[in-house]
Amino acid sequence: MTRVALRLPSAILLLLAARGAAAQPPTTRELDRINWMEFREVVPKRSDTVLVPFGTLEPHGVTANGADIIAPLAIARAIAPRVNAMIAPAVPYGITGSMEAYPGAFQITESAYRPFVKQVLEGLAKNGFRNIIIMNGHGGGQTAVLQAVAAEVAAEKKVRTLVINWWSFASDETKEVFGEDGGHAGWNETAFVQAIDPTLVHPEKYKPEMATAYPAPGTWAAVPFPSSIGLYQKGQGYPKFDQAKADLYYRKVTHKVANLIVDTIRKWDIAGL
Ligand SMILES: [Zn+2]
């Protein structure tokens, strides 16, 4: 009787302490800033989701060469508390493609990129993350590689992967906010960077001649691509530098991405995957 009386309150206290710990956010969500002891307490018990941004360095009209790194990293930071995720350091170099010749651009070949990306994702799985969310910032050949590698790692490591190409996923929001389609370094992407850090956008350097509409498939292909702004549709998506629209677009896109992640994890759980 004495034993039970002593043990029961301590068990309750332990339970309450564990609950308190679970509710308490980590001191940082960033994997390069957390220490190994806290990591062990947090992952996977208190957070088993990680957001990992992938970008590249290439010209973006009148905004930063690293727009494809800056955008997905900003989304990850904005939504991590809501989706209870940790944030892995961005993989900044990628498969740039036809803008490789521009100053400050880098190109990683697919044969080097693919195994590197795979081992990054495998490392996240090994470290206890069950939901690996790939926040892609760059299209072209990179999207296909990320999607294929994410599928392989999901099957081989029994984890759940989601690749989000934010600019395509948000194409409805682009049309809603700007009233037209966007482009690479077009109004939408330039606005997204403007919302994150207006000092990275230089309207004084902008000329409409800096933009070219992407060719319809099979019509023409130029290397280097003749413009650092590529429009998805002719006559639409020229940057217009409206801060209020930029801020609205940023809020809508981050909200939509967070919703997708929450909904996908919930459905994975419901399906028992
Ligand atoms: Zn970009």
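The values are calculated or read from the model by the stated rules, or taken from the named source; none is laboratory data. Note that the coordinates shown come from a computational prediction; the quantities given were computed from them, not determined experimentally. Here Cβ is always computed from backbone atoms with ideal geometry, including for glycine, and neighbour counts include all displayed protein chains. Calculation scope for accessible area: heavy atoms of the full protein, side chains included, ligands and nucleic acids excluded. Shrake-Rupley method; radii C 1.70, N 1.55, O 1.52, S 1.80 Å.
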As an exercise: evaluate PRO89 against (1) in a loop (DSSP other than H, G, I, E, B); (2) crowded, with 19+ Cβ neighbours inside 10 Å; (3) not β-branched (Val, Ile, Thr) and give the number of the one condition it does not meet.
(2)
Any chance ALA78 is open to solvent by less than 30 Å² (accessible area, probe 1.4 Å) and outside any loop (DSSP other than H, G, I, E, B)
no
Does the range 159-178 contain any residue that is at pLDDT 95 or above, under 17 Å from the mean Cα position of the chain (by Cα), β-branched (Val, Ile, Thr) and within 13 Å of the ligand (Cβ to nearest atom)?
no
The number of residues in the range 60-88 that are among the β-branched types (Val, Ile, Thr) and more than 16 Å from the ligand (Cβ to nearest atom) is 3
Quick test of your reading of the structure: ILE261 fulfils all but one of (1) in contact with a Phe, Trp or Tyr (Cβ under 9 Å, 6 or more places away or on another chain); (2) more than 15 Å from the ligand (Cβ to nearest atom); (3) among the aliphatic types (A, V, I, L, M). Name the failing condition by number.
(1)
